[in-house]
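The values are calculated or read from the model by the stated rules, or taken from the named source; none is laboratory data. In this text the structure is predicted, and so the values were computed from the model without any measurement. Glycine also receives a Cβ, built like all others from the backbone with ideal geometry; neighbour counts cover every protein chain displayed. Side chains are part of the model used for accessible areas, which takes the heavy atoms of the whole protein and leaves out ligands, DNA and RNA. Shrake-Rupley method; radii C 1.70, N 1.55, O 1.52, S 1.80 Å.
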Amino acid sequence: MRLSKGIEGFKIDALSKGYSPLTLAAYVSALTALVKLMQDPQVEDITESDLKAWMGYLRNQYKPVRSDNGLLSTASLHRYWKALRSFFRWAHEELGTARPDLVLQMPKYNHKEVIPFSEDDVQKLIKACELTSPARPANRAAYQTRRPSASRDKALVLVLLDTGVRAGECCRLRVDDVNLSTGEVQVRPYRFGKTRPRVVLIGKTARKLVWRYLQERGDDLSGSAPLFITDDGREMTRYTIGSLIARLGKRAGVTDCHPHRFRHTFAIQFLRNGGDVFSLQRLLGHATLEVVKHYLNLAKADDESAHRRASPADNWRL
């Protein structure tokens, strides 16, 4: 069977197993690149040497189409490796082929530098939720008006900041997932069985903003209604949330503004304020402590840096 045909079968099987559409799209993109490089070989003819050469090409030569024109990041290499493992596992079970992928070592994943939002950043973003960008007509002074979606946008920012949920998880929130009395928020996984549902919390300020937004919304607020909707009443997606946060950042003058940065901010602030890594792991929904330890190292580095700046004994030259 040609590799391109095998990918079609793999895709059908993955959809039936409930793969995330985003994960599957990334895997298919990686495998399609392999089809082009190897000129669509027979699946059973692909060897260990072929896959080693492929990974070497990705690591040292392949340059994706992007602004910096650099090589693939370690995160991207890891994604390509996972695509190969998933495909050849399927091919072995479905077609009875060998597993040439088993010789490939998992690429080392180097975390990018995590820069959380500062308190000033968040204040600017909240202000950007309230008012439009200044209008500057020729015949009068510049002015701003209140944005119609101000309540929704402020509630969204505070929920992302207070819970550390992913953008996709935020999209899946329903009205009855949020208990405004206790602040408990039920986070639904993409599909049950792969990850577990979990409970996170929002504080009093976020609860107040969510309540105000829902009161102003005035549409169907039944338990199954989406918590956050677009201006035309549709359920928000991770793309609409990402686009909204990017526009807020541009209006506020906050660079590198994206939903996942709220997750980083929540994690680091949780640890700075005395939270433990095991609670943080549960709140973030990570299967292991590896990523959480990365946040812990950052928080410790922040503490050490702050102490160097604030140490009375050093600053007073005692």
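Descriptive notes on the structure:
- Candidates Asp219, Asp231, Asp176, Asp256 - the one that is in contact with a Gly (Cβ under 7 Å, 6 or more places away or on another chain), among the acidic types (Asp, Glu) and either surrounded by 15 or more Cβ atoms within 10 Å (Cβ to Cβ) or in contact (Cβ under 8 Å) with a residue 40 or more places away in the chain (or both): Asp176
So that you can scan it fast, the table gives a plain yes or no per residue for (1) assigned to a loop (DSSP other than H, G, I, E, B); (2) out of contact with any Ser or Thr (no Cβ under 8 Å at 6 or more places or on another chain); (3) within 23 Å of Asp120 (Cβ to Cβ); (4) at pLDDT 85 or above:
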| residue | (1), (2), (3), (4) |
| --- | --- |
| Asn139 | yes, yes, no, no |
| Pro148 | yes, yes, no, yes |
| Lys154 | no, yes, yes, yes |
| Val157 | no, yes, yes, yes |
| Leu161 | no, no, yes, yes |
| Asp176 | no, no, no, yes |
| Ser181 | yes, yes, no, yes |
| Val185 | no, no, no, yes |
| Pro189 | yes, no, no, no |
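- Any chance Gly6 is without any contact (Cβ under 8 Å) to a residue 12 or more places away in the chain, among the small types (Gly, Ala, Ser) and either touching a helix residue (DSSP H, G or I) at 6+ places or on another chain (Cβ under 9 Å) or farther than 22 Å from Tyr190 by Cα (or both): no
- Residues that are charged (D, E, K, R) and open to solvent by less than 50 Å² (accessible area, probe 1.4 Å), drawn from the range 1-49: Asp13, Asp40
- Looking only at the range 277-295, and only at residues there that are open to solvent by 50 Å² or more (accessible area, probe 1.4 Å) and modelled with pLDDT under 85, the one that is nearest to Leu125 (Cα to Cα): Lys293
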